[in-house]
């Protein structure tokens with residue numbers, strides 16, 4: 001095997017004829033990519049016999065992988081994988097815990113069925129954090145409330161620095177509890193006299209509503225959804241005294 005998969009064979013790349021443990025090892029070493037669907041031959045690691053792609057060695061009967069897909073030519077230990085016809089590749093299951101969203105073009109957890117915001121072919125976009133492919137990635141995807149996707153590991157790293165989607169600035173998680181804490185902090189932190197009567201227009205990144213609110217350095221709350229994920233729209237502040 002290799003760092004990517006546990007398997008008992010090497011793939012013979014149809015593009016260059018070289019033997020590699022997996023397509024990722026091949027792509028990391030070569031200047032071109034291995035087409036997994038065109039793989040037709042494998043070499044047994046134990047007896048070195050070159051043969052057609054199959055789950056067991058025809059020479060020594062070694063098992064090449066607990067799981068084998070004869071479409072993707074994926075060999076690996078059993079992770080409850082299944083081949084999704086709509087995605088066109090294998091996914092880690094179990095299959096009964098997932099559904100394929102035809103609009104997002106991605107397999108998602110059943111817990112999200114009817115509860116996520118669909119974006120056309122969102123899985124075919126690169127992760128906005130690492131700029132790498134999401135659809136064929138071995139790293140799971142995390143669906144944000146706005147419908148955009150990040151690698152799950154990228155999402156975890158993002159939360160260490162911020163709370164907003166890097167694409168649309170919508171809150172990436174439920175911030176209600178924090179907004180109420182911010183209410184208390186704003187109430188307990190009076191602004192300097194020259195700013196106490198200043199009103200500004202803001203745009204909410206969560207509900208997209210516009211509001212005219214009192215300016216405060218700690219944050220300005222949307223009058224529509226009560227989110228503090230807002231931005232001043234660039235217009236000059238207006239004093240109530242004017």
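Here, each number is a calculation from the coordinates, and none is a lab measurement. What you are looking at is a predicted structure, and each value in this text was computed from that prediction instead of being measured. Cβ sites come from the backbone with ideal geometry, for glycine too, and all protein chains shown count toward neighbours.
What the table below lists for this structure:
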| quantity | calculated |
| --- | --- |
| Residue order, fewest to most surrounding Cβ atoms within 10 angstrom, among 134, 45, 71 | 71, 45, 134 |
| Distance histogram in 10 Å bins (all Cα pairs of region 82-158, percent per bin) | 20, 56, 23, 0 |
| Extension gain from residue 56 to residue 185, taking 0.36 nm per residue of separation minus the Cα-Cα distance | 39.9 nm |
| Contact order relative to length of the chain, as percent, for alpha carbon pairs under 8 angstrom and 6 or more apart | 8 |
| Distance (nanometres) between label positions extended 7 Å along Cα→Cβ at residue 130 and residue 160 | 1.4 |
| Range of Cα positions in the chain per principal axis (Å), largest first | 90, 36, 29 |
| log10 of Debye I(q)/I(0), alpha-carbon scatterers only, for region 60-108 at 0.17, 0.24, 0.27, 0.33 Å⁻¹ | -0.52, -0.87, -1.01, -1.25 |
| Extension gain (nm, one decimal) between residue 212 and residue 112, 0.36 nm per residue minus Cα-Cα | 32.5 nm |
| Length-normalised contact order of region 9-78 in % [C-alpha pairs under 8 Å, at least 6 apart] | 23 |
| Residue exposure sequence - 228, 82, 163 - by fewest surrounding Cβ within 10 Å | 163, 82, 228 |
| Binned Cα-Cα distances of region 191-239, short to long, each 5 Å bin given as a whole percent | 5, 27, 31, 23, 11, 3, 0 |
| Debye log10 I(q)/I(0) at q = 0.13, 0.15, 0.18, 0.19 Å⁻¹ for region 9-78, Cα point scatterers | -0.32, -0.42, -0.61, -0.67 |
| Alpha carbon centroid spacing (whole Å) that separates region 19-72 from region 102-145 | 28 |
